[in-house]
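Every number here is computed from the coordinates shown, using simple stated rules; none is lab data. Remember, it's a predicted structure, so these values are computed and weren't measured experimentally. Heads up, the Cβs are rebuilt from the backbone with ideal geometry, glycines too, and the neighbour counts pull from every protein chain shown.
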Amino acid sequence: GDSVTQMEGPVTLSEEAFLTINCTYTATGYPSLFWYVQYPGEGLQLLLKATKADDKGSNKGFEATYRKETTSFHLEKGSVQVSDSAVYFCALSERGNTPLVFGKGTRLSVIA
Amino acid sequence: KAGVTQTPRYLIKTRGQQVTLSCSPISGHRSVSWYQQTPGQGLQFLFEYFSETQRNKGNFPGRFSGRQFSNSRSEMNVSTLELGDSALYLCASSLSRGQTEAFFGQGTRLTVV
């Protein structure tokens, strides 16, 4: 079945450091890809998405590019802030009416 | 407009009891999905409802059930609670089926003692 693999956390960075969180996927079809963020005590918020190969999703300084050849959707940010501390989930959804499949999540802590 | 509302936010139940959780989707959204989040298993899909009908179901025992009302509000029920059912239960709403964007509520934290 479909699956998403994320790099293990936690990830601890200093403020203004560069962030990369790796995400690879396995899918039978041609999925849409997502990054969700979960702040402490909250539900999930959609951070960005990409629906076809070579699409770049971006939001709040975060970016991820849909790479079909490497089945990857790595999340990047050039300069992280303390407020970016959260758990980040990579997810996919196959075409049609299928549920989201999530990775295990990566906890990011940014220290001042 | 208002987001996805889940009630209650926190719940403590005893083993063997049953529990009902509620989810009110974003106004105009007709698809509601439920997910269970635990530290060990991560986020797992429970079921999806659209037009008052269950459209998809995850790999959970029959103790987990749900329903959707004509106003798109949804409830999920867990009977004969077990300690392992302790989790954050998240509801997500979408405009329709097959939509690529799902909006999540804050979740209901269920603790079974």
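Descriptive notes on the structure:
- Environment charge of B:VAL112, counting only residues whose C-beta is closer than 15 Å and scoring Lys/Arg +1, Asp/Glu -1: +2
- Straight-line cross-link reach from A:LYS60 at under 23 Å between alpha-carbon atoms covers these lysines, not counting any fewer than eight positions away in the same chain: A:LYS49, A:LYS52, A:LYS77, A:LYS104, B:LYS1.
- When the convex hull of its Cα atoms is projected in every direction, mean area for the protein assembly as shown (nm²): 12.3
- Net charge in the neighbourhood of B:PHE45 (other residues with Cβ under 12 Å of its Cβ; Lys, Arg +1, Asp, Glu -1) is 0.
- Euclidean distance of C-alpha centroids, segment A:64-108 and segment B:76-92, integer Å: 26
- Coupling constants for segment B:37-42 follow from the phi torsions by the Karplus curve (6.51 cos²θ - 1.76 cosθ + 1.60, θ = phi - 60°), and in residue order they are 10, 10, x, x, 9, x Hz; glycine and proline get x.
- With K and R counted +1 and D and E -1, the other residues having a Cβ less than 10 Å from that of A:VAL37 yield a net charge of -1.
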